[in-house]
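Worksheet: one structure, shown below.
All of the numbers you see were taken from the coordinates with simple rules; none came from a lab. Predicted model only: the values in this text are computed from it and were never measured. All Cβ positions, even for glycine, are placed from backbone atoms using ideal geometry, and neighbour counts span all protein chains on display.
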Amino acid sequence: MLQKSILTLVLLFVFTFTFSQENPDSLKKQENPVVIIVNDSANTDSVRLKFIADSIAARQKFIQDSILAREQFIKDSLAHRKRILDSVSFLSNNLPRLINAVIKAKEEEIVIFTEPLFIVGDSALSNFTYRLLTQKIDKPYAPWRRTISLTGESLKLKQDTVDKKITYLRILGSAYTISYDKYKPVIVLKGRNTVIKKQAKTYYKMPFDSVFFDTRGRVIKIKKYARYYTVTKNYQKGNFLFLDLEQVKEFSYFPDGVLSNYKVLKYCGRWSGNDQNKLCHTVTYSISREGKKFKVVKKNIPENVYSDAVLIFEFDNNFDLKSMELINAAKTLSKKCYVELNEEKNVKRYLYEKDGKINRTILVNYNNNPDAKHKVETIVCYFEDDGISYFQKNLTTGKSRRRDKLTLKWSPWK
């Protein structure tokens with residue numbers, strides 16, 4: 001019994017000792033997870049901070065790339081606009097001389113001056129406008145003022161980017177290939193080739209104009225030529241026949257660039273290689289001016305008293321026509337016309353004077369409605385000695401009407 005008690009005490013002691021030895025380890029094992037958790041939180045914060053730092057760096061790089069891309073876009077845009085401006089500036093410096101050459105080569109009337117060409121914004125050119133001393137004082141709009149749009153289909157051109165010259169120009173319904181003299185202020189306008197018939201023979205014609213300029217870039221002479229060839233069976237150019245000089249135009253100017261003299265020399269056509277060109281007809285226009293009034297003395301060689309004449313044109317301060325007067329050398333033709341304008345500076349009415357009285361007028365009516373059958377209508381009004389019009393004729397529709405002399409009422413148009 002005593003032995004059992006002693007054994008029990010020994011076992012209890014051993015158990016207690018063992019428990020007291022294992023308990024600190026147990027506590028340590030319980031503390032370790034806490035330490036591990038603390039270390040994991042620190043690592044997570046570090047990862048989070050690194051992620052934030054990487055995000056900030058990525059965002060900064062994105063902003064920098066965006067700024068660089070924006071700067072490059074602005075540089076490209078500025079470079080593109082500069083190229084456009086350079087191109088428009090090139091045209092504004094070179095087109096007026098070429099257009100002047102084409103106008104003077106085509107136009108038979110007296111071109112007194114052209115208005116300056118300027119750049120609109122930084123990508124377009126203004127219209128090209130020039131003034132005429134014209135006898136066509138029965139036309140609508142403003143026949144003394146011609147305007148050419150330099151945008152859209154009105155103008156087509158090609159440029160030699162190496163020599164920086166315009167080599168092709170289509171304007172005023174005509175197309176020209178342009179070549180330049182390296183040493184002289186001369187250009188050649190080559191027109192459209194055609195097949196024509198003369199004196200029962202067929203020819204292949206290649207027309208061209210040699211245009212001469214003075215030191216200020218003004219046209220002083222135009223020689224109109226044509227090369228003639230035989231025609232093949234398929235209407236192509238055959239063998240060369242001869243070079244024909246058809247016409248020569250000469251121009252001189254006042255110091256401010258306004259035309260002062262204009263001469264046209266017309267040659268007789270030749271249709272064999274042995275005949276020499278013969279001068280058939282010459283017309284000279286001597287121009288003087290006083291303010292906005294121009295006086296033109298027209299003379300023909302050989303003399304033609306019916307065509308030789310003195311013409312007087314008077315303009316307002318905007319250089320729009322106010323009146324025109326013509327008296328021929330034979331005194332068989334004398335007319336004076338006054339011009340009234342509308343708000344758009346186009347003709348509203350022509351008034352024709354004879355023996356100090358208005359005996360006829362032309363009314364010009366404009367219709368801007370896109371569905372209008374006639375955009376312009378011209379109506380002639382004839383006046384009798386009492387100053388009243390009793391008869392009108394619409395030149396556009398062909399209809400006319402009369403006024404009753406008693407009631408002064410107009411009949412219907414018919």
Val120 versus Ile196: modelled label distance in nm, points set 7 Å from Cα along the beta carbon direction: 3.7
Sorted from fewest to most neighbouring beta carbons within 10 Å, what does the list Ser210, Ser123 look like? Ser123, Ser210
Helix 2-106 sits off the longest principal axis of the Cα atoms of the chain, rounded to the nearest 10 on a 0 to 90 degree scale, by 10
Note down the relative contact order for segment 355-414 as a percent, whole number, built from C-alpha pairs under 8 angstrom at least six residues apart. 23
Net lengthening on full extension, Lys233/Asp214 (0.36 nm per residue, minus Cα-Cα): 2.4 nm
Extension gain from Leu333 to Ala69, taking 0.36 nm per residue of separation minus the Cα-Cα distance: 87.5 nm
Which part of segment 332-358 falls in the paramagnetic zone of Tyr306, meaning amide N under 14 Å from the point 7 Å along Cα-to-beta-carbon? 332-334
What's the exposure ranking of Trp144, Trp410, going from fewest to most Cβ atoms within 10 Å? Trp410, Trp144
Under the rule rounded for a/c under 1.5, else prolate if a/b exceeds b/c, else oblate, using alpha carbon gyration tensor axes a ≥ b ≥ c, segment 216-294 is classed as prolate
Normalised by the residues of the chain, what does the relative contact order come to in percent, with Cα pairs under 8 Å and at least six apart? 6
What full-extension length gain, to one decimal in nm, is calculated for Leu363 and Asp404 as 0.36 nm per residue of separation minus the Cα-Cα distance? 12.7 nm
Return the FRET efficiency for the residue pair Leu243, Ser87: r is the Cβ-Cβ distance, R0 is 60 Å, and the value is rounded to the nearest 0.05. 0.95
Given N residues in segment 131-218, what is its alpha carbon radius of gyration divided by 2.2 N^0.38 Å? 1.42
Inter-site label distance for Glu344 and Tyr141 at 7 Å from Cα along Cβ, in nm: 1.0
The chain: radius of gyration over Cα atoms, expressed as a fraction of 2.2 N^0.38 Å: 2.11
R0 = 22 Å: FRET efficiency of Glu290 with Asn94, Cβ-based, nearest 0.05? 0.05
Give Lys164/Lys190; Lys106/Lys278; Lys266/Lys336; Lys197/Lys224; Lys156/Lys249 a once-over and call out the pairs whose C-alpha atoms are over 28 Å from each other. Lys266/Lys336
For segment 355-414, the fraction of alpha-carbon pairs in successive 10 Å shells from zero, as %: 21, 44, 27, 7, 0
